[in-house]
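The values are calculated or read from the model by the stated rules, or taken from the named source; none is laboratory data. All values derive from a computational prediction rather than experimental measurement. For neighbour counting, all protein chains shown are included, and Cβ atoms are generated from backbone atoms with ideal geometry for every residue, glycine included. Ligands, DNA and RNA are excluded from the accessible area calculation, which covers all protein heavy atoms including side chains. Shrake-Rupley method; radii C 1.70, N 1.55, O 1.52, S 1.80 Å.
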Amino acid sequence: FYMEHHMKAIEFDRHGPPHEVCHCIEVAEPNAPGPEEVVVAVEACSINPADLLLIEGRYPGPKQLPARLGIEGVGRVTATGSGVGHLDTGQRVLLLERTNWTEQICTAANNVIAIDQGIDPLQAAMMKVNPPTAMLMLSNYIDLAPGDWVIQNASNSAVGYHVIRLARARGIHTVSVVRRQSAVATVAALGADLVLVDDENLAEKVRSGIGDANLPLALDAIGGAACLHLAQSLSIGGTVVNYGFLSGEPCMITPTETIVRDITLRGFWLANHLGKATRQAIEAIFTEVTSLIMDGTIAAPVEATYGLDEVKTALAHAGRGERSGKILFTPGGPIA
């Protein structure tokens, strides 16, 4: 007589406010892994802005509901299939699936990446999306030289923090745009060279701050008028890279910017990048991210951690604007 063991997982059954439509449910624990599979006990998983947008129906996600959730996660391997030679039980791994808000996950071995045992699991739970996004946006569009400037909005986000720190490490200066005066001091403390509150005079404020320095790259997480303000701030021939849906509005850019000032609008989505990348390239990205976290170049602040059964409280907390850090789940219990 086989006794079925249960575990907690989070799912949503309709689109809407995350703290209303998400539930913690009891589900069967994974069976023994298949030949090419591993079972992972999830240590920590972040609540990423993309998770919230996905639940609200404003971001690409599962078509069939109810569905499991959780774009990011990290854990330890508890069982390996007979065909898995490169992973041992106890190994800490990054989870590449998008159903990580759970106590355990059974997944294909090529959907996990072994990472350094010494990494802080809370930082590792936030390393899949934001650090590579910052890293690749700074590298893939403009060949930046030391002394160049980059401008970004939503600068008090995790991507914003990483851009500031990564740029600084490369001798590149940052203009960091925020939506409210109360965020200025926090962002300046991270090492941003110039922090400004967004409005229709942004370009004038930028130029009075940096003169005619080269500003060839803008990173836009918001869309709408915020995108236009970045475009107006760029040097002639510059590129705006839109990577976020925060306003829900189309990216605004005028013919003056595109025609007269030769400004280009591009988009970046990590899912597309990773979808095209080889396994070797993906491993190289996360090896680099791991070392950047472990040497202290980048880190994302954590405001609170919750158990899976506290899902409604956790999601309401994650949805609040005035936060000083990320909200994470720790399915196996609190992490010291």
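Out of all the residues in region 149-161, is one or more under 28 Å from L53 (Cβ atoms), open to solvent by less than 20 Å² (accessible area, probe 1.4 Å) and over 23 Å from the mean Cα position of the chain (by Cα)?
No, there is no match, as no residue in region 149-161 is under 28 Å from L53 (Cβ atoms), open to solvent by less than 20 Å² (accessible area, probe 1.4 Å) and over 23 Å from the mean Cα position of the chain (by Cα).
Here's the yes/no breakdown for (1) assigned to a helix (DSSP H, G or I); (2) open to solvent by 20 Å² or more (accessible area, probe 1.4 Å); (3) of a type in the set (A, V, I, L, M, F, W, C):
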{"position": "C227", "(1), (2), (3)": "yes, no, yes"}
{"position": "L230", "(1), (2), (3)": "yes, no, yes"}
{"position": "E257", "(1), (2), (3)": "yes, no, no"}
{"position": "D262", "(1), (2), (3)": "no, yes, no"}
{"position": "L265", "(1), (2), (3)": "no, yes, yes"}
{"position": "L274", "(1), (2), (3)": "yes, yes, yes"}
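Filter region 73-111 for residues that are acidic (D, E) and touching a helix residue (DSSP H, G or I) at 6+ places or on another chain (Cβ under 9 Å); which is farthest from E283 (Cα to Cα)?
The qualifying residue farthest from E283 (Cα to Cα) is E103.
Looking at (1) more than 20 Å from N48 (Cβ to Cβ); (2) in contact (Cβ under 8 Å) with a residue 12 or more places away in the chain; (3) among the small types (G, A, S), find the lone condition where A185 falls short.
Here A185 clears every test but (2).
Among the residues in region 242-254, are any surrounded by 14 or more Cβ atoms within 10 Å (Cβ to Cβ), at pLDDT 95 or above, out of contact with any Ser or Thr (no Cβ under 9 Å at 6 or more places or on another chain) and among the β-branched types (V, I, T)? Even if it seems obvious, please write down each step before you answer.
Step one: of region 242-254, the residues surrounded by 14 or more Cβ atoms within 10 Å (Cβ to Cβ) are 242-247, 251-253.
When the remaining residues are screened for being at pLDDT 95 or above, the result is 242-243, 251-253.
Going one step further and asking which of them are out of contact with any Ser or Thr (no Cβ under 9 Å at 6 or more places or on another chain), we end up with 242, 251-253.
Those still in the list that are among the β-branched types (V, I, T) too: 253.
Checking region 242-254: at least one residue is surrounded by 14 or more Cβ atoms within 10 Å (Cβ to Cβ), at pLDDT 95 or above, out of contact with any Ser or Thr (no Cβ under 9 Å at 6 or more places or on another chain) and among the β-branched types (V, I, T).
Among the residues of region 119-132, how many are in contact with a Leu (Cβ under 8 Å, 6 or more places away or on another chain), open to solvent by 10 Å² or more (accessible area, probe 1.4 Å) and farther than 12 Å from T330 by Cα?
First, pick out the residues of region 119-132 that are in contact with a Leu (Cβ under 8 Å, 6 or more places away or on another chain): 122, 124-129, 131-132.
Within this subset, residues satisfying the condition of being open to solvent by 10 Å² or more (accessible area, probe 1.4 Å) are 122, 128-129.
Now drop any that are not farther than 12 Å from T330 by Cα, which leaves 128-129.
Qualifying residue count, region 119-132: 2.
Mind checking which residues of region 10-39 are touching a Pro at 6+ places or on another chain (Cβ under 9 Å) and touching a residue at least 40 places away in the same chain (Cβ under 8 Å)? Let's see the steps before the verdict.
Residues of region 10-39 that are touching a Pro at 6+ places or on another chain (Cβ under 9 Å), as a first pass: 11-14, 23, 25, 37, 39.
Those that are touching a Pro at 6+ places or on another chain (Cβ under 9 Å) and touching a residue at least 40 places away in the same chain (Cβ under 8 Å): E11, F12, D13, R14, H23, E37, V39.
Quick check on this structure: which one of A213, A192, A185, A169 is touching a Leu at 6+ places or on another chain (Cβ under 9 Å), open to solvent by 10 Å² or more (accessible area, probe 1.4 Å) and not polar (S, T, N, Q)? Give the derivation first.
Working: A213 fails: touching a Leu at 6+ places or on another chain (Cβ under 9 Å); A192 fails: touching a Leu at 6+ places or on another chain (Cβ under 9 Å); A185 fails: touching a Leu at 6+ places or on another chain (Cβ under 9 Å).
Every option except A169 fails the conditions.
Just to be sure before I move on: is H15 open to solvent by 20 Å² or more (accessible area, probe 1.4 Å), at negative phi and in a loop (DSSP other than H, G, I, E, B) in the structure I sent? Break it down stepwise before answering.
On the way: open to solvent by 20 Å² or more (accessible area, probe 1.4 Å): yes; at negative phi: yes; in a loop (DSSP other than H, G, I, E, B): yes.
Answer is yes for this residue.
Give me the residue from region 283-320 that is of a type in the set (A, V, I, L, M) and in contact with a Leu (Cβ under 6 Å, 6 or more places away or on another chain) and, out of that set, farthest from K128 (Cα to Cα).
Here is the first cut: in region 283-320, the residues of a type in the set (A, V, I, L, M) are 284-285, 289, 292-294, 298-300, 302, 304, 308, 311, 314-316, 318.
Restricting the remaining residues to those that are in contact with a Leu (Cβ under 6 Å, 6 or more places away or on another chain) gives 298, 302.
Details: I298: 13, V302: 16 Å.
So, considering only residues that are of a type in the set (A, V, I, L, M) and in contact with a Leu (Cβ under 6 Å, 6 or more places away or on another chain), the one farthest from K128 (Cα to Cα) is V302.
Being modelled with pLDDT of 95 or more, assigned to a helix (DSSP H, G or I) and of a type in the set (V, I, T) is the requirement here; does I164 meet it?
Details: modelled with pLDDT of 95 or more: yes; assigned to a helix (DSSP H, G or I): yes; of a type in the set (V, I, T): yes.
Yes: the conditions hold for I164.
Name the residues in region 283-336 that are among the charged types (D, E, K, R) and either more than 21 Å from R92 (Cβ to Cβ) or part of a loop (DSSP other than H, G, I, E, B) (or both), would you? Write out each step before concluding.
Applying the first criterion (among the charged types (D, E, K, R)) to region 283-336 yields 283, 288, 295, 303, 309-310, 312, 320, 322-323, 326.
Answer for region 283-336, where residues must be among the charged types (D, E, K, R) and either more than 21 Å from R92 (Cβ to Cβ) or part of a loop (DSSP other than H, G, I, E, B) (or both): D295, E303, D309, E310, K312, R320, E322, R323.
If only one of E288, E249 is among the acidic types (D, E), touching a residue at least 24 places away in the same chain (Cβ under 8 Å) and under 21 Å from P60 (Cα atoms), which one is it? If you could, list the steps in order and put the result at the bottom.
Values: E288 fails: under 21 Å from P60 (Cα atoms).
Going through E288, E249 in turn, the sole match is E249.
Residue-wise test of (1) surrounded by 15 or more Cβ atoms within 10 Å (Cβ to Cβ); (2) over 22 Å from F245 (Cα atoms).
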{"position": "M7", "(1), (2)": "yes, yes"}
{"position": "I10", "(1), (2)": "yes, yes"}
{"position": "I47", "(1), (2)": "yes, no"}
{"position": "D51", "(1), (2)": "yes, no"}
{"position": "H86", "(1), (2)": "no, yes"}
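Go through G224, G160 for me and flag whichever is farther than 24 Å from P131 by Cβ and in contact (Cβ under 8 Å) with a residue 12 or more places away in the chain. Step through it out loud before you land on a result.
Working: G160 fails: farther than 24 Å from P131 by Cβ.
After ruling out the rest, the residue left standing is G224.
Among all residue pairs at least 6 apart or on different chains, which show Cβ distances below 6 Å where the first residue, located in region 319-336, is open to solvent by less than 80 Å² (accessible area, probe 1.4 Å) and the second is polar (S, T, N, Q)?
Listed pairs, sorted by first residue: K326/S46; L328/S46; L328/T305; T330/T305.
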